[in-house]
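Every number here is computed from the coordinates shown, using simple stated rules; none is lab data. This one's a predicted model, so the numbers in the text were calculated from it and none came from an experiment. Cβ atoms come from the backbone with ideal geometry, glycine included; neighbour counts cover every protein chain shown.
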Amino acid sequence: MRIILLGAPGAGKGTVAKLLTDFDGSVQISTGDILRSEVRAGTDLGKEAKEYMDRGDLVPDAIIMKMMEGRLQEPDCRKGFILDGFPRTIQQAKNLGELLSRLQVRLDFVANLEVPREVVLDRLTTRRTCSNPACQEIYNIKTKPAPGGKCEKCGSPVVQRDDETEAAILHRLDTYTKKTAPLVDFYRKEGILRDFVSVSSAETVQAIKRELLG
Ligand code: AP5
């Protein structure tokens, strides 16, 4: 499959993307996860991105596009990809469109995950994430607690993300409304947007699979 998951912070993009990877071997590509790995590794890219991320601002388009041009041409993308958190601006969407036509790749559709604001606020303040960059399993202190604070998959400590202070979360939601929500209309005009009321991730995954099977 070749799809984009669009949705506010906490809409469940990461959760849904991970569940979808067993469908046909498509890879999850989360720009947020890639950036957090760069921050942890202390690379130049990570140092530059960290300032923006901690405030809840978007990392500049040029940095993201350079990163994604390379990533989308890696061999594991041939089977398909699930874009999680990218594109995030109209400029990124236009650049992605140009890149995909150069690579002669067509998107199946853009899945717009719709979740009420009060639900995402609650989810983000209660989310915890595996600290192992290669794992990054998502937990939640209410709905999926990590036993003993350790990841069930790899045993690494499960932590709260640096951008999960209340101020940063509110800023990320505003940034979403201003910069990313316009992509809903952008892709609707292209005729490839599909809306999913995403309260249950498992149901959303089933609905996306049905849409893929046509
Ligand atoms: P990123 O990591 O992409 O963060 P985000 O979009 O804010 O998305 P989240 O990871 O917070 O939420 P999610 O929708 O994946 O939800 P999840 O499944 O985890 O980006 C972080 C930062 O990186 C950005 O702020 C920006 O600075 C930068 N960045 C990244 N990409 C960029 C780009 N393209 N351009 C520029 N900058 C970029 O679920 C959340 C919680 O809800 C969890 O606790 C989970 O357990 C729970 N949950 C999920 N689904 C359900 C459900 N159905 N029922 C109950 N609980 C649920």
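At-a-glance table
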read-out	value
The range 29-38 - phi-based ³J(HN,Hα) in whole Hz, Karplus 6.51/-1.76/1.60, Gly and Pro as x	10, 9, 5, x, 5, 4, 5, 5, 5, 5
Loop-located trypsin sites (Lys or Arg not before Pro) in the range 110-152 whose Cβ has at most 16 other Cβ within 10 Å (DSSP)	LYS142
Shape call, the chain: gyration tensor on alpha carbons, a/c limit 1.5	rounded
Candidates ILE141, ILE82, ILE90, ranked by Gaussian network fluctuation over the chain, Cα under 10 Å, top entry	ILE141
Dipole magnitude of the range 1-150, debye to nearest 20 (Cβ charges: Lys/Arg +1, Asp/Glu -1, about Cα centre)	280
Using distinct alpha-carbon pairs, which all enter the 1/r mean, Kirkwood radius of the range 16-142 in Å	16.1
Of every Cα-Cα pair in the range 124-214, the percent that sits beyond 16 Å	69
Theoretical FRET efficiency, 1/(1+(r/R0)^6), r = Cβ-Cβ of GLN73 and ASP108, R0 30 Å, to 0.05	0.95
From phi via Karplus (6.51, -1.76, 1.60), per-residue ³J(HN,Hα) for the range 112-122 in Hz, x at Gly/Pro	9, 8, 9, 9, x, 4, 5, 5, 5, 4, 5
Positive-pole candidate from MET68, GLY85, ILE138, dipole of the range 1-160, charges at beta carbon	ILE138
Cleavage-rule hits, trypsin sites (Lys or Arg not before Pro), the range 1-91, DSSP coil, Cβ neighbours within 10 Å at most 12	ARG78, LYS79
